[in-house]
Amino acid sequence: MKPTLVQYDAPGWGVGEIWLDGGGRVFHCELPRPRRPARSTAGPASARVLRARVLQFFAGGRDDFLDVPVAVPDGFYGECARVLRRIVPGEVVTYGELASLAGFPGAARAAGTFCGRCALSPFVPTHRVVGSNGIGSYGDLGVPYKRRLLALEGVTL
């Protein structure tokens with residue numbers, strides 16, 4: 001079955017993309033960035049509902065997205081994803097805490113690698129993982145972007 005592209009244009013954020021597999025699971029996301037306008041992607045009703053929910057999230061609405069099926073990998077990265085999905089909006093954990101909660105104490109650096117490679121945000125909220133001595137990084141989107149995401153949830157660091 002052909003994958004479905006769900007594009008959205010979040011005011012003040014830019015255009016983002018969500019890719020759904022044939023079973024409706026999210027398997028890849030690109031957070032919104034300023035760029036050309038989103039193409040019209042009507043798609044199935046479930047995709048339109050998901051688009052509306054993500055737009056509400058970027059407008060400051062609360063949504064944990066726990067009911068959205070996500071294709072998570074096996075092993076350590078999968079455990080990190082499952083644990084991270086249960087961290088409620090407005091809460092943060094350190095990379096070390098994420099590793100411990102996933103069953104791998106002492107694997108803080110590996111948890112950081114997971115967060116840096118994870119292309120499932122906001123469904124796997126990697127912005128809720130911070131360094132033990134500060135906010136930590138947020139890949140090529142940068143720390144200011146991470147601060148904006150946390151601010152949506154009432155967190156200031």
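The values are calculated or read from the model by the stated rules, or taken from the named source; none is laboratory data. Just so it is clear, the model here is predicted, and its values are computed rather than measured. Glycine also receives a Cβ, built like all others from the backbone with ideal geometry; neighbour counts cover every protein chain displayed.
Which one is surrounded by the most Cβ atoms within 10 Å (Cβ to Cβ), of the residues in the stretch 104-120 that are small (Gly, Ala, Ser) and in a loop (DSSP other than H, G, I, E, B)?
ALA107
For first residues located in the stretch 144-155 and within 13 Å of VAL129 (Cα to Cα), partners that are of a type in the set (Ser, Thr, Tyr) and buried (at least 16 other Cβ atoms within 10 Å of the Cβ) and lie 6+ apart or on another chain with Cβ distances below 6 Å form the pairs LYS146/TYR138.
Of the residues making up the stretch 31-42, at least one is under 17 Å from ALA119 (Cα atoms) and touching a residue at least 60 places away in the same chain (Cβ under 8 Å). Any residue in the stretch 126-149 that is outside any helix (DSSP H, G or I), within 13 Å of the chain's Cα centre (by Cα) and under 29 Å from PRO34 (Cβ atoms)? Yes: one or more hits. I'd like to know if the stretch 88-98 contains one or more residues that are modelled with pLDDT of 95 or more, in contact with a strand residue (DSSP E or B) (Cβ under 7 Å, 6 or more places away or on another chain) and within 17 Å of LEU31 (Cα to Cα). Looking through the stretch 88-98, none of the residues is modelled with pLDDT of 95 or more, in contact with a strand residue (DSSP E or B) (Cβ under 7 Å, 6 or more places away or on another chain) and within 17 Å of LEU31 (Cα to Cα).
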